[in-house]
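What follows is a single structure, written as structure tokens, with notes after it.
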């Protein structure tokens, strides 16, 4: 029972970078992935509550549902239907490839921390709500960016 499995989406350009961008460009996708890297498995309502708690923004059920389906289509999200409980519940977790996106989140967080726009308030690591996403030291990140 549940959504029929689709093959992972392949962009017509067959470009790895565009494929990754299409995966994370969907509204709330990065935050869903971020929450599931910290918490192994979450229900729909738990995900919604945690994202709203971190951002202060309201996330509509239809937008979250669309994002979860998008991530599942890309093969980075597992959807487990629990029929033994009433009402029937659904739990979400990252696939093996989805868990590897922690590296992408870490690079995004680190770039923003070290080189983000000056007008944007710098992330305060003491109050950062994404402590589970590692920050790469500036020197180490700069090595990779110079290549």
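The values are calculated or read from the model by the stated rules, or taken from the named source; none is laboratory data. What you are looking at is a predicted structure, and each value in this text was computed from that prediction instead of being measured. Cβ placement follows ideal geometry from the backbone for every residue including glycine, while neighbour counts extend to all protein chains displayed.
If I go through the range 33-46 residue by residue, how many of them are out of contact with any helix residue (DSSP H, G or I) (no Cβ under 6 Å at 6 or more places or on another chain) and without any contact (Cβ under 8 Å) to a residue 60 or more places away in the chain?
8
Could you list, in sequence order, the residues of the range 64-110 that are more than 17 Å from residue 26 (Cβ to Cβ), in a loop (DSSP other than H, G, I, E, B) and over 12 Å from the mean Cα position of the chain (by Cα)?
Within the range 64-110, 83, 84, 85, 86, 87, 88 meet the criteria.
Output the number of the condition that residue 19 fails; it satisfies all remaining conditions of (1) farther than 23 Å from residue 109 by Cβ; (2) free of Cβ contacts under 8 Å to residues at least 24 places away in the same chain.
(1) is the only condition that residue 19 fails.
Those residues that are surrounded by fewer than 16 Cβ atoms within 10 Å (Cβ to Cβ) and in contact (Cβ under 8 Å) with a residue 40 or more places away in the chain, I need them from the range 91-107; list them, please.
93, 99, 104
Report yes if residue 51 is within 20 Å of residue 29 (Cα to Cα), modelled with pLDDT under 90, surrounded by 14 or more Cβ atoms within 10 Å (Cβ to Cβ) and touching a helix residue (DSSP H, G or I) at 6+ places or on another chain (Cβ under 6 Å), otherwise no. Give the derivation first.
Details: within 20 Å of residue 29 (Cα to Cα): yes; modelled with pLDDT under 90: yes; surrounded by 14 or more Cβ atoms within 10 Å (Cβ to Cβ): yes; touching a helix residue (DSSP H, G or I) at 6+ places or on another chain (Cβ under 6 Å): yes.
Yes, satisfied.
Restricting to the range 21-63, and then to whatever is over 21 Å from residue 89 (Cα atoms) and part of a loop (DSSP other than H, G, I, E, B), can you tell me which residue is nearest to the chain's Cα centre (by Cα)?
Among those residues, the one meeting the criterion is 28.
Modelled with pLDDT under 80, surrounded by fewer than 19 Cβ atoms within 10 Å (Cβ to Cβ), in contact with a helix residue (DSSP H, G or I) (Cβ under 8 Å, 6 or more places away or on another chain) and within 19 Å of residue 95 (Cβ to Cβ), is that true of residue 3?
Details: modelled with pLDDT under 80: yes; surrounded by fewer than 19 Cβ atoms within 10 Å (Cβ to Cβ): yes; in contact with a helix residue (DSSP H, G or I) (Cβ under 8 Å, 6 or more places away or on another chain): yes; within 19 Å of residue 95 (Cβ to Cβ): yes.
In short, yes.
Mind telling me which of the residues 88, 81 ends up being loosely packed, with under 14 Cβ neighbours inside 10 Å, in the same structural domain as residue 47 (by TED's automatic domain parsing) and modelled with pLDDT under 90? Spell out how you get there, then give the answer.
Details: 81 fails: modelled with pLDDT under 90.
None of the others qualify; the one that does is 88.
Kindly list the number of the only condition in (1) surrounded by 12 or more Cβ atoms within 10 Å (Cβ to Cβ); (2) assigned to a loop (DSSP other than H, G, I, E, B); (3) at pLDDT 75 or above that fails for residue 114.
Unmet for residue 114, out of (1) surrounded by 12 or more Cβ atoms within 10 Å (Cβ to Cβ); (2) assigned to a loop (DSSP other than H, G, I, E, B); (3) at pLDDT 75 or above: (2).
Just the residues that are touching a helix residue (DSSP H, G or I) at 6+ places or on another chain (Cβ under 9 Å) and farther than 14 Å from residue 45 by Cβ, please, taken from the range 56-72.
If the condition is that a residue be touching a helix residue (DSSP H, G or I) at 6+ places or on another chain (Cβ under 9 Å) and farther than 14 Å from residue 45 by Cβ, then 57, 67, 70, 71 are the ones that fit.
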